[in-house]
Amino acid sequence: MTPNRSRPSHLRHPARRPGVPGPAGSSIAGFSMIEATIASAILLIVAIGLLPMFTLAISNNQQGRDSMEITNQARSELERLFQLGFADPELSVPAGETQLRVEAYFTNDQEGWVPAAAYDGQGFVFHRIVTVRQFEDSALDDGLLHPDEAIAGAGAAPVHFKEILVEVESAGSIGAPPRQVALRGVRAV
């Protein structure tokens, strides 16, 4: 007997009518327990594979934040020093010395920067060293300022340039090594 092709499909196959669930043993009854277990295992494998990417992203974000913070600390100090006058005491090399070196620490329990002489050694967030050297105009004959060309403070030679070097080091954070940055600027008379 051949099926009547003029009959609508829902009359030929009553178990497959739209919106009507099929019998319990039919293939359209839903997922079996084995299929659901396999799908869950595949999703678990994919999730475990993505987990290292999330931890790496968190670590990279922390390192980026640390680098940005340490750079901002150095830049702020360099900008502050550039606002001072050329002959300001903070930029004056002591007599008989070829450089002025100022060291400070930024701690969590203090407000702002603490001079190295007042630092108690109980952990720090940032360590900063500011070095000032002064030069006469002949130091630029080769186009570069070399530290060995620096002139002593209160000397007879006229000062035409001051090199300001700001070095900042972070203590590091959980899972991140300490970071260092050095910014250099040159001021002219």
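Bear in mind that the values in this text are calculations on the coordinates, not laboratory data. Given the structure is predicted, the values throughout are model-derived calculations rather than measurements. As a convention, Cβ positions derive from the backbone with ideal geometry for all residues, glycine included, and neighbour counts pool all protein chains shown.
Can you tell me the relative contact order of segment 85-189? Whole percent, Cα pairs under 8 Å, sequence separation 6 or more.
RCO, segment 85-189: 27 percent.
Which value in nm describes the separation of the simple spin-label points at residue 75 and residue 111, placed 7 Å from the Cα toward the beta carbon?
My value for the distance between the label points is 2.7 nm.
Got a sec? Charge dipole of segment 116-168, +1 on Cβ for Lys and Arg, -1 for Asp and Glu; which of 147, 124, 157 is way out at the positive end?
Of the options given, the answer is 124.
With unit charges on the beta carbon (Lys/Arg positive, Asp/Glu negative), name the residue among 95, 57, 68 whose Cα is farthest towards the positive pole of the charge dipole of segment 28-101.
Farthest towards the positive pole: 57.
Can you tell me the alpha carbon radius of gyration of segment 41-87 divided by the globular rule-of-thumb value 2.2 N^0.38 Å?
Here the Cα radius of gyration is 2.20 times the empirical estimate.
What is the dipole size for segment 128-188, taken about its Cα centre, with +1 at each Lys and Arg Cβ and -1 at each Asp and Glu Cβ, in debye to the nearest 20?
Rounded to the nearest 20 debye, it is 420 debye.
To the nearest 20 debye, what is the magnitude of the charge dipole of segment 30-189 about its Cα centre, counting +1 on the Cβ of each Lys and Arg and -1 on the Cβ of each Asp and Glu?
Using only the charged Cβ atoms, the result is roughly 460 debye.
At residue 157 and residue 84, where each label point lies 7 Å from the Cα along Cα→Cβ, what is the point-to-point distance in nanometres?
2.1
Tally the DSSP beta bridges in segment 82-166 and give the antiparallel ones as a percent, rounded to 5.
Of those bridges, close to 95 percent are antiparallel.
At q = 0.10, 0.14, 0.18 Å⁻¹, what is the base-10 log of I(q)/I(0) for segment 66-189 according to the Debye formula with one equal point scatterer per Cα and no solvent? Please give it to two decimals.
Rounded to two decimals, the profile gives -0.35, -0.65, -0.95.
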